[in-house]
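The values are calculated or read from the model by the stated rules, or taken from the named source; none is laboratory data. Nothing here was measured: the structure is a model prediction, and the numbers come from that model. Cβ: placed from backbone, ideal geometry, glycine included. Neighbour counts: every protein chain shown. For accessibility, only protein heavy atoms count, side chains too; no ligands or nucleic acids. Shrake-Rupley method; radii C 1.70, N 1.55, O 1.52, S 1.80 Å.
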Amino acid sequence: MSTGRPRATSRDVIAEAACELFLEQGFEGTTVADITRRAGVSRSSFFNYFTSKSDVLWAGLDERVAALATRLAADEGADASASVAASLASLGDDFAPDSLALAVVNAAAMGLDDELEREGGLRRSRIAATVAARLEAAGSDPITAEVAGAAHAGAVLAAIGAWARAGAGRAPLGEFLGVALAAATPTLPRAATR
């Protein structure tokens, strides 16, 4: 039995190769063929793990968002807000620094500013729709549910960005999610009565 670092999966090797190339050549200057050549895998191997070169950056979060959608769709508990909060907080459980964290920190060097903005918007939209659907299913009016979904989705992406810029891995993502999710659900002052 060998000790030391565990063998990397093809997925990990592809992601590492992609990030190296994004740093060297920029995102736009890197092709899937470049990535597969650097990783030493076939084109079909690449597409077994990722649907595009952009997905290399987002795969870890996408898996968690899919699990969030499944969990919230199956949840029929009475307190939808508590369920949403707990489910969103769990997105940070064991979230290790990955390609997305590297991309956030090195966006300018990788030529990823526009890509991160565009793809981040898609993830925000998915999270927002998932949260809004759960809240509406529990009886929230559509406007409240949609606004809450948008606020919580923004909090998740803001937390990931802050975590990456603070040195992903120095502190758990959960700490950043806690702060961001609290900001998404502030206690509003009561309106003064006459």
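Here are a few things to note about the model shown:
- Cβ-Cβ FRET estimate between F47 and D114, R0 fixed at 30 Å, reported to 0.05: 0.80
- Projected label distance in nm at A137 and E63, using a 7 Å step from Cα toward the beta-carbon: 2.4
- Between A89 and T31, the modelled labels are 4.9 nm apart [label points 7 Å from Cα along Cα→Cβ].
- Full extension of the chain between A96 and A182 yields a length gain of 28.7 nm, computed as 0.36 nm times the residue separation minus the alpha carbon distance.
- Within the chain, helix-based [θ] at 222 nm, where runs of 4 or more DSSP H residues each add -39,500 (n - 2.57), nearest 500: -22000 deg cm²/dmol
- For region 121-173, averaging the sequence separation of C-alpha pairs within contact (under 8 Å, six or more residues apart) and dividing by the residue count gives a relative contact order of 35 percent.
- Solvent-accessible area of the chain (1.4 angstrom probe, protein heavy atoms only): carbon and sulfur portion equals 54 percent.
- Helix runs (DSSP H) in the chain reaching 18 Å along axis by Cα, Kyte-Doolittle at least -1.0: 10-25, 55-74, 113-137, 142-165
- Rolling a 1.4 Å probe over the heavy atoms of the protein chains gives region 40-194 an accessible area of 54 Å² per residue.
- Sorted into 5 angstrom bins from 0, the C-alpha pair distances of the chain split as 1, 7, 14, 17, 17, 14, 11, 8, 5, 3, 1, 1, 0, 0, 0, 0 percent.
- Farthest positive-ward along region 1-108 dipole, Cα basis, beta-carbon charges - from A17, A74, S99: A17
- Given charges at beta-carbon only (K, R positive; D, E negative), |dipole| of the chain in Debye: 200
- Calculated P(r) tail over 21 Å for region 57-166, as whole % of Cα pairs: 35
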